[in-house]
Amino acid sequence: MSEEKSKMPKGCVIGLAVAGGLLLIIMIVLGVVYFYRDDIRDAALDMVEERIIEAEPEGYTESQIHRIFELYIIAIDSGDVGPKEGEKAALIFQDVFADDQVTSEEAVRMLAAMRAITDDMDDSSLPPLNTETDSAGVDGETE
């Protein structure tokens with residue numbers, strides 16, 4: 001008697017190879033995103049910052065907007081941004097990215113949400129404010 005080897009159909013083998021390849025690609029993409037997550041976040045924040053500066057929100061200078069974004073990045077890195085605050089800012093970020101246009105109202109709303117997070121930060125952990133280029137305070141005061 002001869003034993004017959006059970007063979008998988010050729011379609012199953014091809015399907016398993018394709019599924020394995022897709023799984024490998026997904027794992028590589030997730031690994032790259034995880035490894036470069038801070039760079040991706042910083043690039044997205046830089047893009048949003050540029051759009052907000054272009055929208056020229058009332059009551060904010062370019063240096064004030066830049067300072068708010070610096071403080072926001074410090075807050076994220078230090079863990080001061082909780083899930084609730086992060087979700088609120090993420091929803092506003094989605095509005096900014098959705099229509100590729102930042103209105104002055106959206107910019108003011110976003111800056112207010114970011115300031116709500118950064119205003120509570122301890123000043124001892126912050127880098128010094130550059131007073132040469134920043135003649136007004138970060139709290140929206142004008143000259």
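The values are calculated or read from the model by the stated rules, or taken from the named source; none is laboratory data. Given the structure is predicted, the values throughout are model-derived calculations rather than measurements. Quick reminder, even Gly has a Cβ in these numbers, built from the backbone with ideal geometry, and neighbours come from all protein chains shown. Keep in mind that these areas ignore ligands, DNA and RNA; they rest on the heavy atoms of the full protein, side chains included. Shrake-Rupley method; radii C 1.70, N 1.55, O 1.52, S 1.80 Å.
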Where GLU106, GLU87 fall by accessible area, highest first, once all protein chains stay in place (1.4 Å): GLU87, GLU106
Heavy-atom accessible surface of the stretch 79-120: percent carbon and sulfur, 1.4 Å: 51 percent
Length gained when the stretch PHE97-VAL29 is fully extended (0.36 nm per residue, less Cα-Cα span): 22.3 nm
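As a test of reading the structure, rank VAL81, VAL18 by solvent-accessible area (1.4 Å probe, protein chains only), most first. All intermediate terms of the calculation are to be shown ahead of the outcome.
Working: VAL81 35, VAL18 85 Å².
Output order, biggest surface exposure first: VAL18, VAL81.
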In order through the stretch 29-40: 3J(HN,Hα) via Karplus (6.51 cos²θ - 1.76 cosθ + 1.60), integer Hz, x for Gly, Pro: 4, 5, x, 5, 4, 5, 5, 9, 4, 5, 5, 5
Residues of the stretch 56-85 with amide N under 14 Å of a point placed 7 Å along Cα→Cβ from GLU105: 58
